[in-house]
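Q: Supplied in structure tokens, the structure appears directly below.
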Amino acid sequence: MGKRQARVRRPASAATTATLAPPETSAAAPVRLERLDEVRWRIPRDPTLMMRVDGLVFADDRLMAALRDDPALTQVANVATLPGIVGASLAMPDVHWGYGFPVGGVAATRVEDGVVSPGGIGFDINCGVRLLRTDLTAEELRPHLARLADALFAAVPSGVGARLGRRLRPAELDAVMTEGAAWAVRHGRGTPDDLERTEEGGRLAGAEPALVSARARERGADQLGTLGSGNHFLEVQVVDRIDHPEAAAVFGLAVGMVTIMIHCGSRGLGHQVCTDQLAVMDRAVHRYGIRLPDRQLACAPLESDEGRAYLRAMAAAANFAWANRQMIADAVRGAFARTLGRPAEALGIRQVYDLSHNIAKLEEHEVDGRRIRVCVHRKGATRAFPAGHPAVPEPYRGVGQPVLIPGDMGRQSFVCVGAPGSMVASFGSSAHGAGRNLSRHAAIRALRGVDIAAELAARGIEVRAERRDLLAEEASLAYKDVEAVVETAERAGLARSVARLRPLAVVKG
Amino acid sequence: MAGSGLTGTTVPRGHRILPHTADAGIAADGPTLEALFEEAAAAIAELSADVEAPEPSEAGEAPGRHVRRSVELSAPDLVGLAFAWLNECIGLVDVVGAIVGCRVFAVDVRSGEARLRASVDLAPFDGVRIRRRADVKSATYHGLAVEPVPGGWRLTAYLDL
């Protein structure tokens, strides 16, 4: 080769030097907003912005005050340009700036002539949440909490670069991507009851592992059963308030009860699938004559080779994520059993639900008086089907689908239930969490010198993290108030609060 | 490919990390596209790893346990090539190790196609001297720009962490 490799220079001091304003997208001016009621705002369809439908934002005054200058609203308008979009381009109450689609964006496109856009699912395909309930009370657990936190931290690889001890063989990885959570159950890492209480039974049909690249496989082969980093976490909680007694009873929740919440996704495998498919779509856009205001909205017709390939690859990655959460849940059960000296069954550890908040689903919805097949993109948004819907697990069909809404580390999370109006209001969708309002850098700056772990410990919350210095990125200050998000979702008829959960211990990814 | 601009003026090469609501942005500068893409890789390296290791030898050979990977990429245009390059770097960090050296031999842009040839030196993570700093999911098309500036080129990109 002969020539000296360019050396990678390391700075002598911290690298952050400037704050870059969010890049402009299609709207050079702020989008127009019309208030419809206390929690709904319309972005009128503007043909000059190539919008095909209105935008619709679910936000109360508090949430909208933070959104006014957020480019997320422009992104809602941009999503409204997608071919085949029906209804409106929706923004859930926790919406914030994302890539192409805002985080908290929902868009339904007609299957017959609409597109699928990988950015409408996100890089972390099937990032989602699983909730387990127990027969333990917080008082019973308190003497064991520190040891339990240690056991969970040891049992579930977390943090930057979390890895398993071994790599899955190619045939194993294929099976994981095909079978999803059922693969783990088949290997003794869970029960059929877990699958019944998981969206899609923990397995999206139509997965085609052959469409997953070698690089994606390489990234994911030693990551099954790991939490990852960023805002992913494993949290031991206590139910401290019941808002919907009937649904709480059906879900198996009661005040004082210990619960466990797991938030993670498809790890490097899913991230790479999205990256690979975006590049394919980037070329396809020109072939199909699709004009877009933002390149990150790259898409292809659902009824095209590229569109079908994306859905099959996405399903493979989604199944990996469900297997991942199943493995982690099993590790959690084991940690509880070892710490408390009793089997998980004796502790009453049982799954409440597992749902995705980054996924595309082919569903039937009523649009303009007709029932049609659509592809519902939910990015940072959850399905929230009401009572009676056949996709809701049979034990819950009388009350509706559980909706799991984690808040931020240290404050509160919510269990909700899909509301009767969600199908009409939002294609059966709701918010997925609190949503950020401070960048990671801004949060670290604001909390410089503050020992987050010590502050949480002073409130009785055990924290375990690979990098305690990064805890500030995920501190409460960096996030919107999840209670405001839930209240808005209720008032908009998307979901209804069932129970509030407060943290006892957090394993931070 | 040399940059445009005022006679005798070249852009000093460099890179920096930029804040973003949830993730990170990077900016890179270079007098040529080759230098620009090297600086972009250096930004990914800085964001993704902490390295305390000896510099590569003067002969240019990857020392010790370093791994050298050859890279050839193509894309419909220069922005697409930047997307491919940044994501190749991100993928290599995830599966091999920290980027400790990089040479972009050629960036060719013609109508309808852009190509790149490079080699990347990587040091496997040992958790002691070579440690992961951040998990980078992907570089995005969102705000991705490769633009001529007086004396060279500038790249701006946003990364999903």
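Q: Checking A:VAL392 against (1) among the aliphatic types (A, V, I, L, M); (2) in a loop (DSSP other than H, G, I, E, B); (3) within 19 Å of A:HIS232 (Cβ to Cβ), which test does it fail?
A: Failed condition: (3).
Q: Would you mind stating whether A:ALA162 is surrounded by 20 or more Cβ atoms within 10 Å (Cβ to Cβ) and in a loop (DSSP other than H, G, I, E, B)?
A: Numbers: surrounded by 20 or more Cβ atoms within 10 Å (Cβ to Cβ): yes; in a loop (DSSP other than H, G, I, E, B): yes.
Spelling it out, A:ALA162 is indeed surrounded by 20 or more Cβ atoms within 10 Å (Cβ to Cβ) and in a loop (DSSP other than H, G, I, E, B).
Q: So, one more: Could you figure out which of (1) within 11 Å of another protein chain (Cβ to nearest Cβ); (2) modelled with pLDDT under 90 isn't true of B:SER111?
A: (1)
Q: Let me ask another. Kindly evaluate A:HIS96 against the criterion of being touching a helix residue (DSSP H, G or I) at 6+ places or on another chain (Cβ under 8 Å), within 30 Å of A:VAL239 (Cβ to Cβ) and surrounded by fewer than 19 Cβ atoms within 10 Å (Cβ to Cβ).
A: Numbers: touching a helix residue (DSSP H, G or I) at 6+ places or on another chain (Cβ under 8 Å): yes; within 30 Å of A:VAL239 (Cβ to Cβ): yes; surrounded by fewer than 19 Cβ atoms within 10 Å (Cβ to Cβ): no.
So A:HIS96 fails the test.
Quick grid of which residues meet (1) within 24 Å of the chain's Cα centre (by Cα); (2) modelled with pLDDT under 95:
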site	(1), (2)
A:SER229	yes, yes
A:VAL238	yes, no
A:LEU253	yes, no
A:THR259	yes, no
A:VAL285	no, no
A:ARG308	yes, no
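Q: Further question on the same structure: Which number in (1) assigned to a strand (DSSP E or B); (2) modelled with pLDDT of 95 or more marks the one condition that B:LEU92 misses?
A: Condition (1) is where B:LEU92 drops out.
Q: Shifting gears a bit: Quick check: is even one residue across region A:378-387 touching a helix residue (DSSP H, G or I) at 6+ places or on another chain (Cβ under 8 Å) and not in a strand (DSSP E or B)?
A: yes
Q: I've got another one for you. Quick one: in region B:114-147, of everything that is of a type in the set (Asp, Glu) and at pLDDT below 95, which residue is least open to solvent (accessible area, probe 1.4 Å)?
A: Pass one, region B:114-147, residues of a type in the set (Asp, Glu): B:121, B:126, B:135, B:147.
Right, trim to at pLDDT below 95 and you get B:126, B:135.
Numbers: B:ASP126: 72, B:ASP135: 30 Å².
Once the filter is applied, the top-ranked residue is B:ASP135.
Q: While we're on this one: Which condition breaks for A:GLY87 when tested against (1) modelled with pLDDT of 95 or more; (2) at negative phi?
A: Unmet condition: (2).
Q: Hey, among A:HIS244, A:HIS286, which residue is without any contact (Cβ under 8 Å) to a residue 12 or more places away in the chain and farther than 16 Å from A:GLY128 by Cβ? Write out each step before concluding.
A: Numbers: A:HIS244 fails: without any contact (Cβ under 8 Å) to a residue 12 or more places away in the chain.
Just one listed residue meets the conditions, A:HIS286.
Q: In region A:143-186, what residues are of a type in the set (Lys, Arg) and in contact (Cβ under 8 Å) with a residue 40 or more places away in the chain?
A: So the first thing to find is which residues in region A:143-186 are of a type in the set (Lys, Arg), and the list is A:147, A:163, A:166-167, A:169, A:186.
Scanning region A:143-186 gives A:ARG147, A:ARG163, A:ARG166, A:ARG167.
Q: Here is a further query. For residues that are within 14 Å of chain B (Cβ to nearest Cβ) and touching a Cys at 6+ places or on another chain (Cβ under 8 Å), scanning just region A:234-269, find the one that is surrounded by the most Cβ atoms within 10 Å (Cβ to Cβ).
A: To start, the set of residues in region A:234-269 that are within 14 Å of chain B (Cβ to nearest Cβ) comprises A:264-269.
With touching a Cys at 6+ places or on another chain (Cβ under 8 Å) added as a condition, the list becomes A:264-266.
Working: A:CYS264: 28, A:GLY265: 30, A:SER266: 37.
Here the answer is A:SER266.
Q: Quick check on region B:114-138: of everything there that is within 8 Å of chain A (Cβ to nearest Cβ) and part of a strand (DSSP E or B), which residue is farthest from B:ASP23 (Cα to Cα)? It would help to see each step written out before you state the result.
A: Restricting attention to region B:114-138, the residues satisfying the condition of being within 8 Å of chain A (Cβ to nearest Cβ) are B:119, B:121, B:125, B:132-135, B:137-138.
Filter again for part of a strand (DSSP E or B), leaving B:119, B:121, B:132, B:138.
Working: B:SER119: 27, B:ASP121: 26, B:ARG132: 16, B:SER138: 11 Å.
Only one residue fits best here, namely B:SER119.
Q: Within region A:204-255, how many residues turn out to be part of a loop (DSSP other than H, G, I, E, B) and under 29 Å from A:VAL280 (Cβ atoms)? Spell out the reasoning first.
A: Kept after step one, since they are part of a loop (DSSP other than H, G, I, E, B), are these residues of region A:204-255: A:204-208, A:212-213, A:221-232, A:243-244, A:252-255.
Narrowing the set further to residues that are under 29 Å from A:VAL280 (Cβ atoms) leaves A:204-208, A:212-213, A:221-224, A:226, A:228-232.
Going through region A:204-255 one residue at a time, the tally reaches 17.
Q: Does A:PRO11 satisfy being within 17 Å of A:GLY105 (Cβ to Cβ), within 9 Å of another protein chain (Cβ to nearest Cβ) and at pLDDT below 95? Outline the logic, then answer.
A: Working: within 17 Å of A:GLY105 (Cβ to Cβ): no; within 9 Å of another protein chain (Cβ to nearest Cβ): yes; at pLDDT below 95: yes.
No: the conditions fail for A:PRO11.
Q: If a residue must be open to solvent by 10 Å² or more (accessible area, probe 1.4 Å), more than 9 Å from chain B (Cβ to nearest Cβ) and in contact (Cβ under 8 Å) with a residue 40 or more places away in the chain, how many such residues does region A:270-283 contain?
A: Number satisfying all stated conditions: 1.
Q: A further question on this structure: Can you spot a residue in region B:57-70 that is on the phi > 0 side of the Ramachandran plot and either facing chain A (nearest Cβ under 8 Å) or open to solvent by less than 10 Å² (accessible area, probe 1.4 Å) (or both)? Even if it seems obvious, please write down each step before you answer.
A: From region B:57-70, those on the phi > 0 side of the Ramachandran plot are B:60, B:64; that's our starting set.
If we keep only those that are either facing chain A (nearest Cβ under 8 Å) or open to solvent by less than 10 Å² (accessible area, probe 1.4 Å) (or both) as well, we get B:60.
Checking region B:57-70: at least one residue is on the phi > 0 side of the Ramachandran plot and either facing chain A (nearest Cβ under 8 Å) or open to solvent by less than 10 Å² (accessible area, probe 1.4 Å) (or both).
Q: Restricting region A:181-201 to residues that are among the basic types (Lys, Arg) and outside any helix (DSSP H, G or I), which is nearest to A:ALA331 (Cα to Cα)? Steps first, please.
A: Filtering region A:181-201 for residues among the basic types (Lys, Arg) gives A:186, A:189, A:197.
Now drop any that are not outside any helix (DSSP H, G or I), which leaves A:189, A:197.
Numbers: A:ARG189: 8, A:ARG197: 18 Å.
Checking each candidate, the answer is A:ARG189.
Q: Identify, by number, the condition in (1) more than 14 Å from chain B (Cβ to nearest Cβ); (2) farther than 20 Å from A:GLY307 by Cα; (3) surrounded by fewer than 18 Cβ atoms within 10 Å (Cβ to Cβ); (4) out of contact with any helix residue (DSSP H, G or I) (no Cβ under 7 Å at 6 or more places or on another chain) that A:ASP113 doesn't meet.
A: That leaves (2) as the condition not met.
Q: Let me ask you something else. Kindly evaluate A:LEU278 against the criterion of being of a type outside the set (Asp, Glu), closer than 16 Å to A:SER117 by Cβ and assigned to a loop (DSSP other than H, G, I, E, B).
A: Working: of a type outside the set (Asp, Glu): yes; closer than 16 Å to A:SER117 by Cβ: yes; assigned to a loop (DSSP other than H, G, I, E, B): no.
So A:LEU278 does not fit the description; no.
Q: Which condition number does A:PRO301 fail, the rest of (1) touching a Phe, Trp or Tyr at 6+ places or on another chain (Cβ under 7 Å); (2) within 11 Å of chain B (Cβ to nearest Cβ); (3) surrounded by fewer than 24 Cβ atoms within 10 Å (Cβ to Cβ) being met?
A: (2)
Q: Sticking with this one: Looking only at region A:289-346, count every residue that is touching a residue at least 60 places away in the same chain (Cβ under 8 Å) and outside any helix (DSSP H, G or I) and tell me the total.
A: 11
Q: Take region A:71-108 and flag every residue that is closer than 16 Å to A:ARG291 by Cα and more than 12 Å from chain B (Cβ to nearest Cβ). Steps first, answer last, please.
A: Looking only at region A:71-108, we keep the residues that are closer than 16 Å to A:ARG291 by Cα, and these are A:75, A:77-85, A:100-101.
Those that are closer than 16 Å to A:ARG291 by Cα and more than 12 Å from chain B (Cβ to nearest Cβ): A:ALA77, A:VAL79, A:ALA80, A:THR81, A:LEU82, A:PRO83, A:GLY84, A:ILE85.
Q: Could you check how many residues of region A:45-72 are open to solvent by 30 Å² or more (accessible area, probe 1.4 Å) and over 22 Å from the mean Cα position of the chain (by Cα)?
A: Count: 13.
Q: Is there any pair with a first residue in region B:142-159 that is farther than 16 Å from A:GLN296 by Cβ and a second that is of a type in the set (Lys, Arg) and part of a strand (DSSP E or B) whose Cβ atoms are under 7 Å apart and which are 6 or more apart or on different chains, and what are they?
A: Taking only residues 6 or more apart or on different chains, the pairs are B:GLU147/B:ARG154.
The values are calculated or read from the model by the stated rules, or taken from the named source; none is laboratory data. Since we're looking at a predicted model, the values are computed, not measured. Don't worry about glycine lacking a Cβ; one is built from the backbone with ideal geometry, like all the others, and counts go over all protein chains shown. Note: accessible area is taken over every heavy atom of the protein model, side chains too, but ligands, DNA and RNA are not part of it. Shrake-Rupley method; radii C 1.70, N 1.55, O 1.52, S 1.80 Å.
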